[in-house]
Amino acid sequence: MSKEIPTLEFVVRSITDQGSLLTLTLQQEIKTEPIDQIEILKHRIDGIKDLDEDTREVMKKLLPALFGPQIPQRNSAYSPIQMHITITRQIYERLASPKVGETIGVSLSRL
């Protein structure tokens, strides 16, 4: 049974050319989705065991009036991974010579 190795997306932030060696600075590409605070509160209300169904519905109906129109916020719960790798020019060319700003995939696993 083989495990699928997840591939993380990294953006090339800088490339330092040292002749036959190149050092790439990579930063993890974090894709976030908008978070609606009212939806989060509705889920929390659903999780309260001591409330009856009618009370839950009343509380959910009050939320839009209390908070008004909101712009969904983009939140990320963790800091992006940043790494530096030094590779030969030959390997860099085999990777299709990624430029600054381009995205590459990196798979990490324990051996």
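FYI, it's all coordinate maths here, none of it is from the lab. This is a predicted model, so every value here is computed, not measured. Neighbour counts run over all protein chains shown; Cβ positions are idealised from the backbone, glycine included.
What dipole magnitude, in Debye to the nearest 20, does segment 35-75 give about its Cα centre under +1 on Lys/Arg Cβ and -1 on Asp/Glu Cβ? Walk me through the numbers before you get to the answer.
On the way: 7 positive and 8 negative charges, 48 e Å.
For segment 35-75, the charge dipole is close to 240 debye.
What are the semi-axes of the equivalent ellipsoid for segment 35-75, taken as the square roots of 5 times the Cα gyration tensor eigenvalues, largest first, in whole Å? Display every interim value, and only then the final one.
On the way: eigenvalues 88, 31, 4 Å².
After scaling each eigenvalue by five and taking roots: 21, 12, 5 Å.
Which percent of Cα-Cα pairs in the chain sits in each 5 Å bin, short to long?
Taking all Cα pairs of the chain, the binned fractions are 2, 9, 14, 13, 10, 9, 8, 8, 8, 7, 5, 4, 2, 1, 0 percent.
All other residues with a Cβ under 15 Å from the Cβ of V100 taken together, and with Lys, Arg as +1 and Asp, Glu as -1, what is their net charge?
Details: positive: R13, K99; negative: D17, E29, E102.
Result for the local shell: -1.
Across the chain, how many lysine pairs, 8 or more positions apart or on different chains, have C-alpha atoms separated by under 26 Å? Please give the number. Could the numbers behind the result be given before it?
On the way: K3/K31; K31/K42; K31/K99; K42/K60; K42/K61; K49/K60; K49/K61.
Close lysine pairs under the 26 Å cut-off: 7.
For the chain, modelled as a GNM with alpha-carbon contacts under 10 angstrom, which of I87, I40, I15 fluctuates the most?
I40
Would you calculate a helix-derived [θ] at 222 nm for the chain, using -39,500 (n - 2.57) for each DSSP H run of n ≥ 4 and dividing by the full residue count, to the nearest 500?
Roughly -8500 deg cm²/dmol at 222 nm, from the helical runs in the chain.
If I stretch the segment between E102 and T16 completely, what's the gain in nm (0.36 nm per residue apart, minus their alpha carbon distance), one decimal?
Values: separation 86, 0.36 × 86 = 30.96 nm, distance 1.53 nm.
29.4 nm is the gain from fully extending E102 to T16.
Between K49, K31, K60, find the one with the highest GNM mean-square fluctuation for the chain; connect C-alpha pairs within less than 10 Å.
K49
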